[in-house]
Amino acid sequence: MSATPLAGLRVLEFTHTVMGPTAGLIFAELGADVIKVEPAPQGDHTRGLGGFGAGFFAAFNRNKRSLAVDLKRPEGQAIIHRLVPTTDIVIENYGPGTMERLGVGWEHLSPLNPGLIYLALKGYLAGPYEHRPALDEVVQFQSGLAFMTGPPGRPLRAGASVIDIMGAMFGVIAVQAALRERDATGRGQRVSSALFENATFLMSTHMAGMAATGLDALPMPIRRGAWAIYEVFDTQDGQLFIGVTSDQQWARFVEEFSLHELAADPRLATNVMRLAERSWLIPALQEVIGNIPRDEVARSCERAQVSWAPVGQPGDLFDDPHLLATGGLVEVILSRYGGEDGIRARLPALPIEFGADRSRPGLVRQPPRVGEHNTEILAEAGFSPREIAVMAESGVITAQGG
């Protein structure tokens, strides 16, 4: 099986920031021809972000072509209408009503292509909240995710845009289901995924636990977890997370670390019993592990076949030996303008593999400059060189590579 199984599909992507571009990235890396439709003349506003957002554009817009169009003008809308009959999928993540105001909403485009699948990535699905603006961080607080992440009284967003990315993934799943249905019916449809509902889905285990036990969910820093040994430990020269999640693992763990008294203690015979003894058990383990070098603790955990991990930082991943050995990182040029001028950095590849040879999707095209592919895309749609030149002169499209 190829690592580009979606080759032959064409996607028009009207997106910005993280959620929408991530959905487009998934399609692009799986082989689809993804055309990022950017507002002329400046392009996706994400290109100009600073601080935490400075890398957003490059991270989520590789392997795409750029078409920069002024959709506030009828001539710009007409360009999109001409592209739609040969398009399989439209992706958008603008605020409620934006696409409709620009003449490129589902109601405008579906009559032009009965097989079109239209993915709307929103803050909320249908319901009383659907017209509210939303952000990843907003719904983390609204859903209880921030409450569960931070210490008591100090709700804290997760350390990455997990809801944006998860929302994109569920959106792609919905599109794939709609493609399967289109195979049978020949008809496309509108599908949607939303931030709030994705965040609430993450709360499923906490809600189920509350219902099953009658106890309130507590923030993770004061976890009432399922496993007794599931903890960050200080070693002699660093920290490691260790997870002992079965009685068999416990037996191997205490043997490897020569914890004979703990192995024989009847209070620790099962995981459920060990949970009740955490108040003294964790400090006892910490006293032992704290006197051993980190690498030695890691080797012992490896021999005992229990889960462990160093307490890493994002910067560690640039040179991670596992990622480097398996195509897990691709070299991306970081530039708000796109093209070949910028800083080169290794960024994570799509986290999937295909076939017996375990092929990984890779980098075919660097993040584009604004309107970099205007001429070729419009020529493919049947526009003449003269028509394209007139549109560029009038500002309907951005001058190629602007």
*May I have the pair-distance distribution P(r) for the range 253-402, computed from all Cα-Cα distances with 5 Å bins from 0 and rounded to whole percent?*
2, 7, 10, 11, 9, 9, 8, 9, 8, 6, 4, 4, 4, 4, 3, 2, 1, 0
*Can you list, largest first and rounded to whole Å, the semi-axes you get for the range 32-155 by taking the square root of 5 times each eigenvalue of its Cα gyration tensor?*
31, 19, 13
*What does the range 224-324 give for Rg and for Dmax, in Å, if only its C-alpha atoms count?*
14.1, 46
*asked:* Compute the distance from the alpha-carbon center of the range 34-68 to that of the range 208-243, in whole Å.
replied: 39
*Could you pull the Cα extents of the range 62-101 along its three principal axes, largest to smallest, in whole Å?*
28, 22, 18
*If you wrap the chain's Cα atoms in a convex hull and average its projection over all directions, what's the area in nm²?*
23.6
*Could you name the lysines whose alpha carbon sits less than 18 Å from that of K72, not counting residues in the same chain fewer than 8 places away?*
K36
_Volume per residue that the Cα convex hull of the range 117-226 spans, once the total is divided by residue count, Å³_ = 134
*Per residue accessible area of the chain, 1.4 Å probe, in Å²*: 50
*Can you work out D for the range 337-386 in µm² s⁻¹ from Stokes-Einstein, where Rh is the Kirkwood radius over C-alpha pairs, the temperature is 4 °C and the viscosity is 1.567 mPa s?*
92
*Does anyone have the angle between helix 247-256 and the longest principal axis of the chain? Alpha-carbon axes, 0 to 90°, nearest 10?*
70
_Nearest-ten-degree value, helix 204-213 long axis tilted from longest Cα axis of the chain_ = 40
_Relative packing of 135-142, 326-333, which averages over residues the other C-beta atoms within 10 Å, highest first_ = 135-142, 326-333
_Accessible-area composition of the range 161-211, carbon plus sulfur, in percent [1.4 Å probe]_ = 62
*From the square roots a ≥ b ≥ c of the eigenvalues of the alpha-carbon gyration tensor of the range 138-287, which class results: rounded (a/c under 1.5), prolate (a/b over b/c), or oblate?*
prolate
_Acute angle (nearest 10 degrees) that the helix 385-394 long axis makes with the longest principal axis of the chain, alpha-carbon atoms_ = 80
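The values are calculated or read from the model by the stated rules, or taken from the named source; none is laboratory data. Computed from a predicted model, the values in this text were never measured in an experiment. Backbone-built Cβ (ideal geometry, glycine too); neighbour counts: all protein chains shown. In case anyone asks, the SASA skips ligands and DNA or RNA and just uses the protein heavy atoms, side chains included. Shrake-Rupley method; radii C 1.70, N 1.55, O 1.52, S 1.80 Å.
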